[in-house]
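**Q** One structure follows; several queries about it will come next.
Nothing in this text is a laboratory measurement; each read-out follows from the coordinates by a stated rule. This structure is a prediction, so every number in the text was calculated from the model and none was measured. Backbone-built Cβ (ideal geometry, glycine too); neighbour counts: all protein chains shown.
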Amino acid sequence: MDLLASLTENKPVVIFSKSTCCMNPTMIALIRGFGAEPIVIEIDKMANGYQLERALMQLGCRPSVPAVFIGQQFVGGTDEVISLNVQNKLSQLLLKAKAIWL
């Protein structure tokens, strides 16, 4: 978990993904639609990617990617992020994390 914390520290929005993840472009487009610029970390291209994937699964992210962190907090995967958007809560989280400004 410390590895995840170090990769998300001081970054408003981080998306953990794999280069083969079909939902990654959707998550990036959704976040960018609010004006935020997420950091995308493709774990399958990292030497310690297996460790990262295990840490994400321990957080409850199944499948392991995409995994979205906003304000250093794990928000969830595709379903959770889309649900937050439908409930008009995603923009509030992005504002609180200073990923966007009004």
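**Q** I'd like the residue in segment 40-71 that is hydrophobic (A, V, I, L, M, F, W, C) and assigned to a loop (DSSP other than H, G, I, E, B) and, out of all such residues, is surrounded by the fewest Cβ atoms within 10 Å (Cβ to Cβ).
**A** Ala47
**Q** Across segment 72-84, which residue is surrounded by the most Cβ atoms within 10 Å (Cβ to Cβ) among those that are under 17 Å from Arg32 (Cβ atoms) and either within 8 Å of the chain's Cα centre (by Cα) or touching a residue at least 40 places away in the same chain (Cβ under 8 Å) (or both)?
**A** Once the filter is applied, the top-ranked residue is Val81.
**Q** Residues in segment 5-29 that are surrounded by 14 or more Cβ atoms within 10 Å (Cβ to Cβ), in a helix (DSSP H, G or I) and touching a residue at least 60 places away in the same chain (Cβ under 8 Å): how many?
**A** The number of residues fulfilling the criteria is 1.
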